[in-house]
Structure formats: structure tokens, C-alpha cells
1. Which value, in debye to the nearest 20, describes the size of the charge dipole of chain A about its Cα centre when Lys and Arg Cβ atoms bear +1, Asp and Glu Cβ atoms bear -1, and nothing else is charged?
2. Taking every eigenvalue of the Cα gyration tensor of the range B:1-44, multiplying by 5 and rooting it, what semi-axes result, largest first, whole Å?
3. What aspartates and glutamates does A:LYS40 reach when the alpha-carbon gap must be under 18 Å and sequence neighbours fewer than 8 apart in one chain are set aside?
4. Go through A:THR115, A:SER65, A:LEU76 and say which Cα lies farthest out towards the positive end of the charge dipole of chain A; charges sit on Cβ, +1 for Lys and Arg, -1 for Asp and Glu.
5. Any of A:LYS38/B:LYS15; A:LYS41/B:LYS71; A:LYS53/B:LYS42; A:LYS53/B:LYS68; B:LYS58/B:LYS103 with alpha carbons more than 31 Å apart? Name them for me.
6. Over 22 Å apart: what share of the alpha carbon pairs of chain B falls there, rounded to a whole percent?
7. Find out how many positive minus negative residues lie around A:VAL116, taking Lys and Arg as positive, Asp and Glu as negative, among other residues whose Cβ is under 9 Å from that of A:VAL116.
8. Name the residue from B:ALA86, B:ILE64, B:VAL54 whose Cα lies farthest towards the positive end of the charge dipole of the range B:33-93, charges +1 on Cβ of Lys and Arg and -1 on Cβ of Asp and Glu.
Amino acid sequence: DTEVTQTPKHLVMGMTNKKSLKCEQHMGHRAMYWYKQKAKKPPELMFVYSYEKLSINESVPSRFSPECPNSSLLNLHLHALQPEDSALYLCASSRYKGTQVLNTEAFFGQGTRLTVV
Amino acid sequence: QQQVKQSPQSLIVQKGGISIINCAYENTAFDYFPWYQQFPGKGPALLIAIRPDVSEKKEGRFTISFNKSAKQFSLHIMDSQPGDSATYFCAASSRRDKIIFGKGTRLHILP
């Protein structure tokens, strides 16, 4: 199984809503990532989890709250978002050996298309 | 220092032709150079990758050429097909750092 599965595929939410994005992988990868991608732009890194611990936060606003309940799951909790937060949110995973991320392959999910109204 | 410069921004190639996308980097600590292919509404998919100890890597119709001294690498798509129409991102990373993406090339193959 070489898939990263993201749900939901599409999400429309109001600025006062609370919602969560979910990501799951069963490749045994111990590094998991959240990226944000705007149209015609490359993915922008938001968060990195290494061995279920948050290791990188790219100065993301607190209205985005990541969570890694176990080695296979990654969530992104959303609260009080703005219309400019509308984007494709991508989850990815890669192998980890010792203290180093093995960037040999990063597998991306299909993404969640988020629209904030 | 951390940038990866990708060109062209968009590319139109006739079916059966060769598509060439170029990337350049500055950070000599980068040791992994992947290319990702992304179709509209989908996540990026790893296409092919190279490490700086080799100058070329070929997988089917896709070839990466790597010039360590010039700090440049390129993707060649031979016998380009309409199904290759997508956005291609080059990227670079080092063991202790995040993956840095180029800005992307929108490739369109004419049938």
C-alpha cells in the first residue's frame, strides 16, 4: 500500500465553522507533513511531524491546529478561517531513519480542496 | 540560497516531441533532487529523482540530467504524449532540511 488517503476531498466552510481534515498512511512512514497549495503555485510547507511529534511549524496562524494521534494518522483542525485560506491542502509522508528524514520519497495524498465562504 | 529556479513557466510541445524543463539551485548542501508531476485537482506524484553522485537517471521516457558543477538539473520527456500534460515541479532537499520546490512548469502536449 503506497497511498496517502485524505478526507474529505472537498470542503466548504464558513468563517465561524470548525472543521477537521484527515490524513492516513499505512506505509510505516514516521514523517508526515501538511502542505498548502494555491492555484498555479508550488506546495508550501505548513507542519512536519516526526515520530508523532511536531518538529516544524512554518509560522502558520493558530487558526490551523495540527494533531498526530498515532503513527498512521494526521489531522488538521480548522477554526475561524479566512477566505484567503481557500486552497488545496495536501498531506504527505516519508521515511525516517534515526534522527534524519529520508527524503528518498515523499508520497502526497490527493488533497482536500477547501473553500472558505 | 534556498531557492530552486525553474524554467520555463509554461511549455507547449507537439506529440512525439521532447519536452525539456530546467532547474538551477545555489545550496550545495542539497543532495536529493526529485521531480513531481501534478494533474489538475490531484496531489503531486513523485516522478523520478536523482542524487548528485550520478549525472543521469532514466526511467522509461523520463530522464534527469544532472550537472553538479553548474548546479543545474533538467527533466527530459521523450516521445511526449497528451497524457503527459500536467504541471511539473522540480525540487531539492538535504537530509536535515525540508523539500524546496521550484515554481512549476505547465506542460501541454498538442495531439
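Rule-based calculations on the coordinates, nothing more; no lab input. Model, not experiment: these values are computed from the prediction. All Cβ positions, even for glycine, are placed from backbone atoms using ideal geometry, and neighbour counts span all protein chains on display.
1. On the way: 14 positive and 10 negative charges, 40 e Å.
Dipole size: approximately 200 debye.
2. Values: eigenvalues 115, 44, 19 Å².
Over the Cα atoms of the range B:1-44, the semi-axes work out to 24, 15, 10 Å.
3. Answer for A:LYS40, where 18 Å is the Cα cut-off: A:GLU84, A:ASP85, B:ASP84, listed by chain and number.
4. Going by the Cα projections, it comes out as A:THR115.
5. Details: A:LYS38/B:LYS15 29 Å; A:LYS41/B:LYS71 23 Å; A:LYS53/B:LYS42 27 Å; A:LYS53/B:LYS68 35 Å; B:LYS58/B:LYS103 23 Å.
With Cα atoms farther than 31 Å apart: A:LYS53/B:LYS68.
6. On the way: 1582 of 6105 pairs.
For chain B, the share of Cα pairs beyond 22 Å comes to 26 percent.
7. Values: positive: none; negative: A:GLU84, A:ASP85.
With Lys, Arg at +1 and Asp, Glu at -1, the net is -2.
8. Checked the options; the winner is B:VAL54.
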